[in-house]
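Student: One structure coming up, written as structure tokens, with questions to follow.
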Amino acid sequence: MRITDYSLLALSSLKYSRLRTYLTALGIAVGIAAVVLLTALGGGAQHYMMGQFSQFGANIISVAPGKTTTAGISGAILSNVRPLTIEDAESLHRLPNIITSVPAIQGNLPIERGNRTRWTSVLGINHEVPDTWAMEVGQGRFLPNEPAEQARNFVVIGDTIRRELFPYTKPLGEFLRIGGERYRVIGVMKKKGQVLGLDMDDIVYIPVYRALSLYNRDSLMEIDLRYTEGYDEEQIINNIKQRLIERHGSEDFTITSQDDIIGTLGSILGILTAVVAGLGSISLFVGGVGIFTIMSIAVNERIKEIGLLRALGASRRQVTLLFLFEAAVLSGLGGIFGMLSGFGIAWLLHYVIPALPVNIQWDYVIMAEIIAIVTGMIAGLVPATRAAKMEPVDALRSE
Amino acid sequence: MRILDTLGFGKIALTANPTRTLLILLAMSIGVASVIILTSLGEGARKYVSAQFETLGSELLFILPGKRETTGGLPPLLGTSPKDLTIEDALSLKRSRAIAYVAPVILGAAPVSFASREREVVIFGSSSDLKAALDLPMAAGHFLPDDDPRNAASICVIGNKLKKELFDNKKAIGEWLRIGERRFRVIGELSAKGQSVGMDLSDTAIIPVASAEILFNKASLSRMIVKARGKESLDKAEADILRTIKQRHDGDEDITILRQDSLLQTFDGVLQTLTWALAGIAAISLIVAGILIMNVMLVSVSQRKSEIGLLKALGAPTRQVLTLFLSEALMLSIAGGIIGVFIGLAGAKMIAYFIPNFPVQTPLWAIAASLIVTIITGLIFGSIPASKAAKLNPVLALSDK
Amino acid sequence: MIKLQDICRFFKVGDETVHALDKVTLDISRGDYISIMGASGSGKSTLLNMLGLLDMPNSGSYQFEGKELTTLSEEKRATFRRENVGFIFQSFHLIPRLTAAGNLELPLMLMGMAPKERHTKVKDALANIGLADRANHLPKQLSGGQQQRVAIARAMILKPPLLLADEPTGNLDTHSGNDVVKILEELNASGITLIVVTHDLELGERATRKIKMLDGKIIEDVTSEKPI
Ligand SMILES: Nc1ncnc2c1ncn2[C@@H]1O[C@H](COP(=O)(O)OP(=O)(O)OP(=O)(O)O)[C@@H](O)[C@H]1O
Ligand SMILES: [Mg+2]
């Protein structure tokens, strides 16, 4: 028998009891819609986080002092006996394929202008920040390229600081007091908004050497290195490791690549999406029970018909396949309907709450469709084999 | 018709088709059971986290140097600040009557070595108050002595993991370790117990705060851990801290205070929401089960047309037919719900058995809610077939074969 | 064409055994027109089902053109039914969801014929029974006689050599019954072996060979020289 004929016959019986078909398919559809929608939300979160992370720039490897052992806060960032220095940063800069090297230290300080004071995050860095992190200067310029120890008291401010401290005047050329020292504003960064819940505009940038002395420390918190796109990251990490071990005598630092972080984050969110998909499949399973029930009823109602088919020369296999097809078409239809309504609801959610990230996960959508059809066939299998096992004479005699 | 007769009628109809009835019960109970199990897990997570905070003591306050004006975002956990927090600041806080203990803390990392073994670990510079504030149990020896924290004694207390790594099973008390460039005598060993989220001290060495100042060559604290005298003193303790520090720092309120109880509340809120979300997702399957009930009831209405016609011919009013079918749907859904609750409770017990440290707990509201939802499901999805049955024309119903 | 030898078929109902067929031996030649009559429960339908391989004997042998059929696998029996046997039932057994054309198409679908070929065959068959204009009617939109004619056309669409009818006129009024009998006899005249189970004496007498059954046994087997 031809496959098209199987589906033709299946469709004819599904069309015959329309309401029943719709309701059974609806059961599957709800399950599929749940999976599609939930994974879209999970995928949206994943996509969002990735997007946020890539805002920090690409191809970045960062080096932090101290060897992190157990999870938790590495005390080494706060204080350590083996400092990571500006000289380390400069030395790493000279490695092949390293384009930029940003030594960094961060702290919180009050910034004063006249009688206005604001506590903010003060970052000690160097002139290479705009080429390393995905940040752009809006007005003026970024810190100049000067030897670290001779860096002048220049400051570049974030947009929030500009708004708070210079509400009416142009900030360029004005002076600010940071930790009791005078700094001249030479640039304002472009507005960046929130990244991972941090206000990226509530930051000021000063030369790293100045920051080290402000905080009275001898170690950087981090060195960020950007390498040439397309080069083997592992090789570059090895070079960095070797160079620092040469300089420090031991491996007293930790190297993390951005890919690592994104990879870890991605897999965590991936697991989350999978769990959510699993929870959604409970409904799919219940929908499968629905198909099982309805197919059992259908077999019961059509015992005579099964007898007739056998009398007409249908084999057991053909009878089994007929009912299996019916179950598969039933669940397939429900699956398509569920998929479409899942898309619809996802789109609607995105439309109503634009802040909610939604991202259709096609792999899960396709998997859910396959699971739906397989569920349908498994659920149809028992009734179908029951139909096929019937003796034709008994089937014809039944009332 | 009496209620009992109505139920009896339904029972006959349901037992006439045992497979069908069982399948509906299965569908319904899967939905309910998953609601119960998932909420049990969510509730368990909530209990687990609060228990963890509880062991830390909810009377704790953390004082961090520096502050940020923008609300939201991370507290300045790693930030440094020019107006240092000092050991003197810590000592001055002790004068407040709302405060029981103040542990000054300098955090840092340094290589710790013994014989040929070396390990880079987190170093806690602190005082005897740390033990009291965090309620740290000792496995052997003593904690730092209760003397002036400005004494830079060369003694240390090590976590149980660090002890294992450096000494294996040999005795550590009394041995001399090298931390950075200085030598310290081990006077105590922390027990593995009493560790909790965010406060894992097993791979650390604790030295007097003054020794840490020398080791790391700095005179500022990374943070202070304050324990209030009872929960009711928390607000007063917070106010006292702010006032004292402001006074000492020339009028600058340049610190951030994190309260254990508000942290707990945040976590609690998040986990509560999560539990609700889980229950919601699981409840979708209840809708699917409801659709199945409706579907099967519709089938049985059309299969029992002549029976309905007969009932009407015998003088059953429309309302009675409606009640008959509705009660059938309700019996199905409630029975499914009750079975589901039992399966769910058993599942939760099983999870509790396999993860003994995790306090799986089925919230009563989940049981009540899922039973109520079950009844509503039965009513809603049963009403359509029931009204269809009730509206049947008896003449047509009887003539239909 | 057919040789039945000592065919037995019994059913166990509780402790009792019902001998539906008790050592039935029967020879059937190609082109025969046979009627089977007898009291209710005498085993007529059982014999007919046996001939059509819908049922299997507990013992005995069934040869069809020299080939033993009792040993065939289920799959082969299905093919045999499709190729060699046409069934007609008292209650028509049309599939209610399918149109007249759809019902006629079923055997062709089962054997995997291409749709184009099917459509011409179905059209011809419908024309033959005079129902060309009812192709798209559902069974419930047809009269009993029309339904039975569709059933006959379905049974004959693959041109099997053997046509088995179990009380084909039982559910019909005299007029439609006569129509149906006419069609069946025309088919027999064209060389198809026709076996009819009936309670209708008049119909039974029309056959050239008349078999009477009682309690699972053949008690009478008369062949008249020429049909009436
Ligand atoms: N599946 C079965 N199980 C039990 N007994 C059966 C079965 N099929 C047939 N029988 C019995 O076998 C006997 C013959 O039945 P059969 O249907 O062949 O009778 P029949 O001659 O066709 O009767 P009728 O004229 O009423 O159709 C009967 O006694 C019947 O009860
Ligand atoms: Mg019979």
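The values are calculated or read from the model by the stated rules, or taken from the named source; none is laboratory data. In this text the structure is predicted, and so the values were computed from the model without any measurement. No Cβ is skipped: glycine too gets one built from the backbone with ideal geometry, and neighbour counts run over all protein chains shown. The area values use the complete protein model at the heavy-atom level, side chains included, leaving out ligands, DNA and RNA. Shrake-Rupley method; radii C 1.70, N 1.55, O 1.52, S 1.80 Å.
Student: Listed residues C:Asp200, C:Asp179; which is closer than 19 Å to C:Arg154 by Cβ and more than 15 Å from the chain's Cα centre (by Cα)?
Tutor: Answer to the selection: C:Asp179.
Student: Is there a residue being open to solvent by 60 Å² or more (accessible area, probe 1.4 Å) and more than 10 Å from chain B (Cβ to nearest Cβ) anywhere in segment A:187-199? Even if it seems obvious, please write down each step before you answer.
Tutor: Let us first name the residues in segment A:187-199 that are open to solvent by 60 Å² or more (accessible area, probe 1.4 Å), namely A:190-191, A:194, A:196.
Narrowing further to those that are more than 10 Å from chain B (Cβ to nearest Cβ): A:190-191.
The answer is yes, given that some residue of segment A:187-199 is open to solvent by 60 Å² or more (accessible area, probe 1.4 Å) and more than 10 Å from chain B (Cβ to nearest Cβ).
Student: For segment C:1-60, which residues satisfy the criterion of being away from ligand 2 (no atom under 13 Å from the Cβ), of a type in the set (Gly, Ala, Ser) and surrounded by fewer than 17 Cβ atoms within 10 Å (Cβ to Cβ)?
Tutor: C:Gly14, C:Ser29, C:Gly31, C:Ser59
Results for (1) touching a residue at least 60 places away in the same chain (Cβ under 8 Å); (2) in a helix (DSSP H, G or I); (3) among the aliphatic types (A, V, I, L, M), shown as yes or no for each residue.
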residue: C:Met50; (1), (2), (3): no, yes, yes
residue: C:Met56; (1), (2), (3): no, no, yes
residue: C:Tyr62; (1), (2), (3): yes, no, no
residue: C:Glu83; (1), (2), (3): yes, yes, no
residue: C:Phe92; (1), (2), (3): yes, no, no
residue: C:Ile95; (1), (2), (3): no, no, yes
residue: C:Leu110; (1), (2), (3): no, yes, yes
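Residue-wise test of (1) open to solvent by 10 Å² or more (accessible area, probe 1.4 Å); (2) within 12 Å of chain B (Cβ to nearest Cβ); (3) of a type outside the set (Ser, Thr, Tyr).
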position: A:Thr132; (1), (2), (3): no, no, no
position: A:Tyr168; (1), (2), (3): yes, no, no
position: A:Val185; (1), (2), (3): no, no, yes
position: A:Asp201; (1), (2), (3): no, yes, yes
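Student: If we scan segment C:141-150, do we find a residue that is surrounded by fewer than 16 Cβ atoms within 10 Å (Cβ to Cβ), on the phi < 0 side of the Ramachandran plot and within 11 Å of another protein chain (Cβ to nearest Cβ)?
Tutor: Within segment C:141-150, none of the residues are surrounded by fewer than 16 Cβ atoms within 10 Å (Cβ to Cβ), on the phi < 0 side of the Ramachandran plot and within 11 Å of another protein chain (Cβ to nearest Cβ).
Student: When you scan segment A:251-273, how many residues do you find that are in contact (Cβ under 8 Å) with a residue 12 or more places away in the chain and open to solvent by less than 60 Å² (accessible area, probe 1.4 Å)?
Tutor: Residues flagged as in contact (Cβ under 8 Å) with a residue 12 or more places away in the chain and open to solvent by less than 60 Å² (accessible area, probe 1.4 Å) within segment A:251-273 amount to 13.
Student: Then there is this: State the number of residues belonging to segment C:61-89 that are within 13 Å of chain A (Cβ to nearest Cβ) and either within 13 Å of ligand 2 (Cβ to nearest atom) or not acidic (Asp, Glu) (or both). I'd like the intermediate steps shown before the answer.
Tutor: Here is the first cut: in segment C:61-89, the ones within 13 Å of chain A (Cβ to nearest Cβ) are C:72-89.
When the remaining residues are screened for being either within 13 Å of ligand 2 (Cβ to nearest atom) or not acidic (Asp, Glu) (or both), the result is C:72-73, C:76-82, C:84-89.
Total meeting the criteria: 15.
Student: C:Phe87 versus (1) under 21 Å from C:Glu167 (Cα atoms); (2) at pLDDT below 90: which is the lone unmet condition?
Tutor: (2)
Student: Filtering segment C:153-173 down to residues that are more than 13 Å from chain A (Cβ to nearest Cβ) and either touching a helix residue (DSSP H, G or I) at 6+ places or on another chain (Cβ under 7 Å) or not charged (D, E, K, R) (or both), which residue is nearest to ligand 1 (Cβ to nearest atom)?
Tutor: That would be C:Gly170.
Student: Considering only segment A:336-346, how many residues are out of contact with any Gly (no Cβ under 8 Å at 6 or more places or on another chain) and either open to solvent by less than 30 Å² (accessible area, probe 1.4 Å) or modelled with pLDDT under 90 (or both)?
Tutor: 2
Student: Based on what the data block shows, is B:Gly180 open to solvent by less than 30 Å² (accessible area, probe 1.4 Å) and of a type in the set (Gly, Ala, Ser)?
Tutor: In short, yes.
Listed here are the residues, each with its yes/no results for (1) open to solvent by less than 10 Å² (accessible area, probe 1.4 Å); (2) more than 14 Å from chain A (Cβ to nearest Cβ).
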site	(1), (2)
B:Leu91	no, yes
B:Leu130	yes, yes
B:Asp135	no, yes
B:Asp148	no, yes
B:Leu162	yes, no
B:Glu165	no, no
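Student: Here's another thing I want to ask about it. Tally the residues that are open to solvent by 70 Å² or more (accessible area, probe 1.4 Å) and within 10 Å of another protein chain (Cβ to nearest Cβ), restricting the search to segment B:1-31.
Tutor: 3
Student: Is it true that some residue in segment A:306-329 is β-branched (Val, Ile, Thr), buried (at least 22 other Cβ atoms within 10 Å of the Cβ), within 16 Å of ligand 1 (Cβ to nearest atom) and farther than 30 Å from B:Gly336 by Cβ?
Tutor: Within segment A:306-329 (the criterion being β-branched (Val, Ile, Thr), buried (at least 22 other Cβ atoms within 10 Å of the Cβ), within 16 Å of ligand 1 (Cβ to nearest atom) and farther than 30 Å from B:Gly336 by Cβ), the answer is yes, since at least one residue qualifies.
Student: Report whether or not C:Leu4 is within 28 Å of C:Val180 (Cβ to Cβ), facing chain A (nearest Cβ under 9 Å) and more than 10 Å from ligand 1 (Cβ to nearest atom).
Tutor: Values: within 28 Å of C:Val180 (Cβ to Cβ): yes; facing chain A (nearest Cβ under 9 Å): no; more than 10 Å from ligand 1 (Cβ to nearest atom): yes.
No: the conditions fail for C:Leu4.
Student: Looking at segment B:284-305, which of its residues are of a type outside the set (Val, Ile, Thr) and either touching a residue at least 60 places away in the same chain (Cβ under 8 Å) or surrounded by 24 or more Cβ atoms within 10 Å (Cβ to Cβ) (or both)? Spell out the reasoning first.
Tutor: So in segment B:284-305, the residues of a type outside the set (Val, Ile, Thr) come out as B:285-286, B:289-290, B:292, B:294-295, B:297-298, B:300, B:302-305.
Of everything in segment B:284-305, those that are of a type outside the set (Val, Ile, Thr) and either touching a residue at least 60 places away in the same chain (Cβ under 8 Å) or surrounded by 24 or more Cβ atoms within 10 Å (Cβ to Cβ) (or both) turn out to be B:Ser285, B:Leu286, B:Ala289, B:Gly290, B:Leu292, B:Met294, B:Asn295, B:Met297, B:Leu298, B:Ser300, B:Arg304, B:Lys305.
Student: Just checking, does segment B:208-229 include any residue being without any contact (Cβ under 8 Å) to a residue 24 or more places away in the chain and either within 28 Å of B:Gln260 (Cα to Cα) or not in a loop (DSSP other than H, G, I, E, B) (or both)?
Tutor: no
Student: I need a count of the residues in segment C:37-64 that are under 20 Å from C:Ala155 (Cβ atoms) and within 9 Å of ligand 1 (Cβ to nearest atom).
Tutor: Going through segment C:37-64 one residue at a time, the tally reaches 7.
Student: Across segment C:174-217, what is the number of residues that are away from ligand 1 (no atom under 13 Å from the Cβ) and in a helix (DSSP H, G or I)?
Tutor: Counting residues in segment C:174-217 that are away from ligand 1 (no atom under 13 Å from the Cβ) and in a helix (DSSP H, G or I) gives 21.
Student: Any chance segment C:111-123 includes a residue that's open to solvent by 10 Å² or more (accessible area, probe 1.4 Å) and within 7 Å of chain A (Cβ to nearest Cβ)?
Tutor: Yes, segment C:111-123 contains a residue that is open to solvent by 10 Å² or more (accessible area, probe 1.4 Å) and within 7 Å of chain A (Cβ to nearest Cβ).
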